[in-house]
Amino acid sequence: IDMYAGAAANQQIWNIKDLAPHVDYIVVMAYDFHRSSSSVAGPVAPLFGGKELWDGDINYYLQEFLKIVPSEKILLGIPFYGYEWQTTSRDSQSHTFPDTGATASYKRVLEILEKKDELQVQEHWNEEALSPYISYIENGEIYVIYYENSRSISYKLDYVNQLDLGGVAIWALGYEGNSRELWDVIERKVNIWGK
């Protein structure tokens, strides 16, 4: 079964302790910490940063799950997407314009990066979240996209291995387009094919 990241910390829907013995895996959907409707730009799946910078992070919520679910039954849900917003600046937590947020698949991010000069793309790294983001200008407007790349996913996979979790789940297959970059890091870091 799948559950939102905060389900163990705020048990309103599921009794996870009673469910855990009866399921093979719980997929912790560790994404959408910022969404298309967010009033500020921010990471979709921050590994760290916690309450000081945003509403929470993967580390905090996974620790809550591990208090009541065996680690081998937990799959960390990782995104192959991010969100983009029209923003007031290129800052890491810039204010967003209402109703400008949209899903940005990894394929979309690669398309923007291919127009680096034309769109004045700047690549950034949020050290607290361990997450990449880019900013660009189109038709005189500033946009910010937070997303996942091989580096941020590599950190998440190291985390999965350190906690001895059951593995990962991905939302959503196909969002990577024809790129093998995200799959290559998964193949290197997780023994998902019994190699």
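Some notes on this structure:
- Residue match in the range 74-94 (condition: part of a loop (DSSP other than H, G, I, E, B), among the hydrophobic types (A, V, I, L, M, F, W, C) and open to solvent by 40 Å² or more (accessible area, probe 1.4 Å)): no
- Within the range 21-44, if we keep just the residues that are surrounded by fewer than 16 Cβ atoms within 10 Å (Cβ to Cβ) and of a type outside the set (Ser, Thr, Tyr), the residue that is nearest to Glu127 (Cα to Cα) turns out to be Arg35.
- Cβ-Cβ contacts under 6 Å between residues 6 or more apart (or on different chains), taken from a first residue in the range 111-126 that is over 26 Å from Tyr155 (Cα atoms) to a second residue that is of a type outside the set (Phe, Trp, Tyr), are listed as Leu119/Glu138; Gln120/Ile137.
- For the range 1-20, the candidate set comprises residues that are open to solvent by 70 Å² or more (accessible area, probe 1.4 Å) and not in a loop (DSSP other than H, G, I, E, B); within that set, the residue that is nearest to Ser131 (Cα to Cα) is Tyr4.
- Close contacts from the range 173-185, counting a first residue that is under 15 Å from Ile78 (Cα atoms) and open to solvent by less than 40 Å² (accessible area, probe 1.4 Å) and a second that is among the β-branched types (Val, Ile, Thr) and part of a helix (DSSP H, G or I), with Cβ to Cβ under 8 Å and a gap of 6+ residues or different chains, come to Leu182/Ile153; Val185/Ile153.
- Residue match in the range 7-25 (condition: of a type in the set (Val, Ile, Thr), modelled with pLDDT of 95 or more and within 18 Å of the chain's Cα centre (by Cα)): no
- Screening the candidates Glu111, Glu123 for the property of being over 14 Å from the mean Cα position of the chain (by Cα), open to solvent by 20 Å² or more (accessible area, probe 1.4 Å) and more than 12 Å from Val144 (Cβ to Cβ) yields one hit, Glu111.
- When the criteria are applied in full, Asp117 fails the requirement of being open to solvent by 40 Å² or more (accessible area, probe 1.4 Å), acidic (Asp, Glu) and closer than 30 Å to Ile1 by Cα.
- Hey, Asn59 modelled with pLDDT under 95 and open to solvent by 20 Å² or more (accessible area, probe 1.4 Å) or not: no
The values are calculated or read from the model by the stated rules, or taken from the named source; none is laboratory data. Treat the numbers as computed from the prediction; the structure is a model and nothing was measured. Heads up, the Cβs are rebuilt from the backbone with ideal geometry, glycines too, and the neighbour counts pull from every protein chain shown. What goes into the accessible areas is simple: the full protein's heavy atoms, side chains included, and nothing from ligands, DNA or RNA. Shrake-Rupley method; radii C 1.70, N 1.55, O 1.52, S 1.80 Å.
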